[in-house]
Structures are given as C-alpha cells and as structure tokens.
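Worksheet: one structure, shown below.
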Amino acid sequence: MTDTLMSVSHLTKHFPLTEGVVFQREVARVHAVDDVSLEVRRGETLGLVGETGCGKSTMARMMVRLLDPTSGTISYEGEDVTAASGARLKRLRREMQMIFQDPYSSLNPRKTIGSIIAEPFAIHGLLGSDGARRRRVQELMEQVGLNPEHYNRYPHEFSGGQRQRVGVARALALAPKLIVADEPVSALDVSIQAQILNLLRGLQRELGLTIVFIAHDLSVVRHMCDRVAVMYLGNLVELADSDTLYRHPRHPYTGALLSAVPVAAARSTVRRERQVLEGDLPSPTDPPPACRFHTRCPKAQEICRVQAPPLTPKDGGALAACHFPLADEEASAIVPTA
C-alpha cells in the first residue's frame, strides 16, 4: 500500500477578517491551515486529529475543493486539483466525495431521501432515465443498511444514524476512489457510532475505498485508521502509522492528547501520567512564532521560541515536528495501556 492517491504540498488557508460596511478593509487573518504537506496512500484510512479549531475540517474541504487554498497544491493521481476548473474540476469531483459531520443539516429537508441520493446522477448526467436512477438509489440504500422501500420518505422521518447512512449512500453514488469523512460520528449517540464505523470499514474492504477520516476522538481513530496525522493550530506536528503513534508518540502534544484517553481502571496494567497542558489555546489570528506549541509545551526551550522545527523522522518511524521529542520512557509512561 505505497501508491500515492493524493499529495498535499505546503497547503495554506488564511481567512481574512474585515471591518467596515461599504469599504471593507482587512484587519487580521485567521491562520486556519499553515504549510501542511502529506500524502494519502491508495486503499488506506488516514486519520486527521487535533483539538477543535486546529484546521482539520478546513483541510478536508480543501482536499475536495469545497474551499480554495490560499497557497500550496493538491495533486490527485498526479493531476493538480488546485488548478482545475470547469469541466475538469467536475470530472475530478466524481472521484472525491465527502461525508459531512452533521446528518441533520447536511440533508435538504424539502427533498425525499431518494432524490437526495440521486442528485449526483442528475448533476453529472448519469443514468438518464428515472427508472434507472431509482433502481440504483435503492441498491445504494440497501448497501448502507437502509430499507429501499423508504425511497420516498423525508429526512425528518429518519433517526440520526439513518440520516448519516443516507449521507454515506450519497457519497458512494458516483463510485469515488476517495472519501473524506469529516467527523462522521461525532453528532451521533455512542450506541450508533459503532454501527456507522463498521459500515465504513466494510464498505472500504468491499469497494477498495481510500478514506481520510477526521475526528477528535482518539479511540475511534485507533479503531479506524492505518496512519494518523496530528494537527495543532494549523500545523502538522506528527505523522505515523497507527500502532507506532499510539504506542510511542514523539511529539509532546500527541502525548498530551493520548494521556487524556480514558482507560478502564480494571484493564490498566500500569500507572499512567496525565499530561495537562498549561494555558489556553493561542488565537489563530495571532499564532505564536516558531514552534506554535511552545507556549503550552512542558519541554519547551529557547530554540522552540525562535526556530520552527521541521517535520523530520524520529526513532520508531514517526515524523514529528519537535526539537525535543518524547523519549521511549516518557512515551510509555503516558500512553493508554489496556
């Protein structure tokens, strides 16, 4: 699984903040994503994690060109997505689909479930007859665990988990190669989350999908993902395969996130050290210079305040952007043990 499906290079997204009604002028910028580079391998599930506001959802929307980047490039199978427009962009979007976080607001309440799932066919001029579209939509409904006889029902007649299944069916309609799932279970009850996660895993095996899975629940990410990318305040701070990251995190921020993962006391084999981050998350309109994590990092030194650490290989195979990565004994003291 080494073939690269999508490559993101130096991706940056800033949102201008303006004042004035008629003559607006820019007074500040939100640094949502800053200089992020990573690859998505064909057939894998890549997890993207971090605190609320770290830039995960902005990354997701840029990957499928729902947002245009401020700078940087996105390459899909060697083709520059950021430069695409018109018919070329429309063709690329058939292969990259998105599952949204909120199954309540992402579905049009005035349309039936059948018409919502069939809409991609109408947009791209596929399956010209109504009968062919209806049959295909009902196949998709059955594939995601919905009753095909409910084709003419409206979103308000379905539960949250069923609505998210509708979102999955809509994303699968055009047979994409890449699915970007933006926190697809965070708005659902815990009892329903496992059903949707298992559905996605089953569909990935069945259809050979590549998934970018965005979440803040690290237990869910460990269950779902082959590799995990950790973001902090718009920067990528660590990238590793799932087993390596959960056993031997290298970045202090990753260690702090993992130390907060609850583990049942009866199953824990050793005493864990809880890493509590000091201070508040800095404002994305005025991020700290150099290493953005240095204002909250227990290992920060003077070099962290003046020189941004590059994303470089560390012991164990992880890539981490840190001048003073966690040693093995530090990592083993804070990671969840079951």
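Laboratory data are not the source of any read-out in this text; all were calculated from the coordinates shown. None of the values given here were measured: they were computed from a predicted structure. So basically every Cβ, Gly included, is an ideal-geometry build from the backbone, and we count neighbours across all protein chains shown.
Across region 106-174, the relative contact order, built from alpha-carbon pairs under 8 Å that are at least six residues apart, equals 48 percent. For region 9-69 versus region 122-144, the inter-centroid distance based on Cα atoms is 33 Å.
Of all beta bridges that DSSP places with both ends in the chain, some 65 percent have antiparallel geometry. Counting only residues at least eight positions apart within a chain, or on another chain, the lysines with an alpha carbon under 17 Å from that of Lys314 are Lys299. Please go through the residue pairs Lys56/Lys177; Lys13/Lys90; Lys111/Lys177 and name each one whose alpha carbons sit more than 25 Å apart in this structure. Distance filter (> 25 Å) returns Lys111/Lys177. Each Lys or Arg adds one and each Asp or Glu takes one away; over the other residues whose Cβ falls under 12 Å from the Cβ of Leu89, this sums to +2.
Work out the FRET efficiency for Ala194 and Glu119 from their Cβ-Cβ distance, taking R0 = 22 Å, and round it to the nearest 0.05. After rounding to 0.05, the efficiency reads 0.15.
Relative to the present Cα-Cα distance, how much length would full extension add between Ser37 and Glu77 at 0.36 nm per residue of separation?
Working it through step by step, the gained length comes to 12.8 nm.
Could you pull out every whole DSSP H run in the chain that spans at least 24 Å of Cα extent along its own axis and averages -1.0 or higher on the Kyte-Doolittle scale? Taking the DSSP H segments of the chain (at least 24 Å long, mean hydropathy at least -1.0), we get 190-207.
With both labels modelled 7 Å from their Cα along Cα-to-Cβ, the Ala327 to Ser283 distance reads 3.9 nm.
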